[in-house]
1. Most exposed first by the Cβ proxy, i.e. fewest other Cβ within 10 Å, how do 28, 45 rank?
2. Given the chain, what percent of its DSSP beta bridges are antiparallel, to the nearest 5?
3. Report the full-extension gain for the segment residue 27 to residue 60: residue separation times 0.36 nm, less the Cα-Cα distance, to one decimal in nm.
4. Rounded, prolate or oblate: which fits the chain when a ≥ b ≥ c are the square roots of the eigenvalues of the alpha-carbon gyration tensor, with rounded for a/c under 1.5 and prolate only if a/b beats b/c?
5. Can you sort 62, 25 from fewest to most other Cβ atoms within 10 Å of each residue's own Cβ?
6. May I ask you to sort 32, 7, 27 by Cβ crowding, counting other Cβ atoms within 10 Å and putting the fewest first?
7. How much length is gained on full extension from residue 11 to residue 44, taking 0.36 nm per residue of separation minus their Cα-Cα distance?
């Protein structure tokens with residue numbers, strides 16, 4: 001299972017980035033700015049959970065560590 005987190009701080013476009021924390025992405029936010037989404041088999045499932053947890057927020061996968 002892969003650990004996915006979302007960055008608590010939004011980008012200028014208002015989106016919060018989802019990262020694969022198991023992979024060690026170079027763009028991971030500081031630990032204090034990470035919100036655990038959970039452990040999933042792939043990004044698609046993590047994205048669905050993030051949308052369920054934060055329906056009013058815009059979320060998107062990191063282009064370096066999450067394949068959409």
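Derivation of every value follows stated rules applied to the coordinates shown; laboratory data play no part. If you're wondering where the values come from, they're calculated on a predicted model, not measured in any experiment. Ideal geometry is used to build each Cβ from the backbone, glycine not excepted, and the neighbour counts take in all protein chains shown.
1. Working: 28 19, 45 16.
Lowest count first: 45, 28.
2. Expressed as a percentage, antiparallel bridges in the chain total about 70.
3. Result for the pair: 10.5 nm of gain on full extension.
4. Numbers: a/c = 1.45, a/b = 1.10, b/c = 1.31.
Rounded shape, in that the Cα axes give a/c under 1.5.
5. 25, 62
6. 32, 27, 7
7. Once the chain is fully extended between residue 11 and residue 44, it gains 9.8 nm.
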